């Protein structure tokens, strides 16, 4: 009996150590979200007081800040804008990245291996260098007053990355499967649509998630290119339109932030491993 | 991607602005104008402080967290999911939460500090106004940046650590090496490429990120937090001098160039 128990005690002690060491990290990481959530549900008199313990409710929680957002601001419109933008970006990205990734993976184009590195390098040219020239393009096309500007701009970021991502996926599909399809009478295109794409669904989903999260995370392009209040994506609308002068309505601000932040954070959590693989995989192996 | 970059170069050499679509070639005039303004040097200095100080703290927090997450323990996936939250939230959203935590009166950080007795109560001389005092404001921006990206450092490092075969570590242990020796002479050289990539990505993100400073302080008080991207945005879009703005943002490039060359050489070498 003594043997297993000491092992178990050891394990428990080890776990306590690890949890103890991890606690500060978890608190640091999660506290701003908790603060956001509790603020969003507090009544105003409860929010602006200095005597009481601020981390819990002293008056009943309220939905008031949430309903205010939908009745008195463009919040609903921003969410719709963001979703529509993200959907367009995903479609455009796939239309460009699927053929490009396939071509790079299969057709022996000279220099295809180096293209991976090239795409990688373009990903490193920061948006802050690109947004001014893009501002020029946007204003030449007369798009600066609508969210269509963003549908035009985001793919410049998503297409290179997704091409690279999909190239990797297409390479893992055995060529024999395609050859078999071609023997059965499919063309290159037919083999791509009927064989390669169905096998690569995870890769394509990853590309779609990437396009979505990028559209929902961007701040710079939305801030620079879209001026009218009802045209903004939600990540720009909340910080720029809900703050009027020096008056901050923290309750509704935090409610707005919470409703966008949580879903995006969850989506991103799924995507994170792929993203890290994408940027380290090129050199790790 | 290449085209906008070249166009950016062209803009920087012209006097383009939002009102007047016809641009004239003005040579290096915009760069000269940038180099002659005091704000530019302040912004350059702030950018470097912002990036370097941030990188040091991210490195420390990221490495320790990566070591902890490397241990097998119950609920590891869940904990990992929690600690990466800062990196997965849209940046403009999480900065709002920080802005509220830095509030001049109802700051929860100050409430806590005052409770444990580090500072006095509201109204006393040592009550910090996070976004209103120059040094504190820069520190506040760096804190948000570190908070947002330390999970990224940790996860990149974790990916690196797990790629080191345990046999090699065991062999080194048999040879009588200490933990620090194993870390310094076995692990670090083996994961150097991954470290470099992670470092590079993070530097690019940090150096070029405008949202944190823009939303927290707009570069104030008195330019104390003005960094190059914010300056480029204010000159290029808000003041409408596209050429000037493009020139300022292109100054980021020489800062990034050595890193990129280093990376490219590393990638080339590993291909053979």
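Quick note: the coordinates plus some simple rules give every number you see, no bench work behind them. Note that the coordinates shown come from a computational prediction; the quantities given were computed from them, not determined experimentally. So basically every Cβ, Gly included, is an ideal-geometry build from the backbone, and we count neighbours across all protein chains shown.
Would you calculate the separation in nanometres between label points at residue A:43 and residue A:266, each defined as 7 Å from the Cα along the Cα-to-beta-carbon direction?
3.0
With the crude spin-label approximation of a point 7 Å out along Cα→Cβ, what separation in nm comes out for residue A:189 versus residue B:174?
Placing both labels 7 Å beyond Cα along the Cβ direction yields 6.1 nm.
I'd like the mean, over residues of B:99-106, of how many other protein chain beta carbons sit within 10 Å of each residue's own Cβ. It would help to have the intermediate numbers written out before the result.
Working: counts 5, 11, 5, 0, 3, 0, 2, 8.
If you average over the peptide's residues, the count of other-chain Cβ atoms is 4.
Under the definition of partner shielding as Cβ atoms of other protein chains within 10 Å of a residue Cβ, what is the mean value for peptide B:153-161?
Details: counts 0, 1, 5, 3, 0, 1, 7, 2, 0.
Partner Cβ neighbours, averaged per residue: 2.
Please report the Cα spread of chain A along all three principal axes, rounded to whole Å, starting with the longest.
Extents along the principal axes, in whole Å: 77, 77, 34.
Taking the number of other C-beta atoms within 10 Å as the exposure measure, put B:184, A:136 in order starting with the fewest.
Numbers: B:184 12, A:136 21.
Fewest-to-most ranking of B:184, A:136: B:184, A:136.
Hey, got the average number of other protein chain Cβ atoms within 10 angstrom for residues in A:22-28?
On the way: counts 11, 1, 3, 11, 5, 1, 9.
What the average comes to for A:22-28 is 6.
Test of understanding: what is the full-extension gain from residue A:180 to residue A:9, defined as 0.36 nm times their sequence separation minus their Cα-Cα distance?
Values: separation 171, 0.36 × 171 = 61.56 nm, distance 5.87 nm.
55.7 nm is the gain from fully extending residue A:180 to residue A:9.
How would you classify segment A:17-104 from its alpha-carbon gyration tensor, with a ≥ b ≥ c the square roots of the eigenvalues: rounded for a/c under 1.5, else prolate if a/b is greater than b/c, otherwise oblate? Working shown, then result.
Numbers: a/c = 5.78, a/b = 1.54, b/c = 3.75.
Because a/c hits 1.5 or more and a/b fails to exceed b/c, segment A:17-104 counts as oblate.
Relative contact order of chain A, please, whole-number percent, based on alpha carbon pairs below 8 angstrom and at least 6 residues apart. Don't skip to the answer; put the middle values down first.
On the way: 265 pairs, mean separation 82.0, N = 285.
Reported as a whole number, the value is 29 percent.
Rounded if a/c is under 1.5, else prolate if a/b beats b/c, else oblate: with a ≥ b ≥ c from the C-alpha gyration tensor eigenvalues square-rooted, which is segment A:126-281? Write down the numbers at each step before the final one.
Numbers: a/c = 2.97, a/b = 1.99, b/c = 1.49.
The shape class here is prolate.
Return A:167, B:190 ranked ascending by Cβ neighbour count within 10 Å, so the fewest neighbours appear first. Working shown, then result.
Values: A:167 22, B:190 17.
Neighbour counts put them in this order, fewest first: B:190, A:167.
Please report how far the C-alpha centroid of segment A:196-244 lies from that of segment B:104-182, rounded to the nearest whole angstrom.
29
Rounded, prolate or oblate: which fits segment A:27-77 when a ≥ b ≥ c are the square roots of the eigenvalues of the alpha-carbon gyration tensor, with rounded for a/c under 1.5 and prolate only if a/b beats b/c? Don't jump to the answer; show the numbers that get you there.
On the way: a/c = 2.84, a/b = 1.41, b/c = 2.01.
Because a/c hits 1.5 or more and a/b fails to exceed b/c, segment A:27-77 counts as oblate.
With a 10 Å Cβ neighbour count serving as the proxy for reagent exposure, in which order, fewest first, do A:58, A:65 appear?
Going from sparsest to densest Cβ surroundings: A:58, A:65.
What Kirkwood radius, in Å to one decimal, follows from the Cα pairs of segment B:133-202?
Working: mean 1/r = 0.0709 Å⁻¹.
This gives a value of 14.1 Å.
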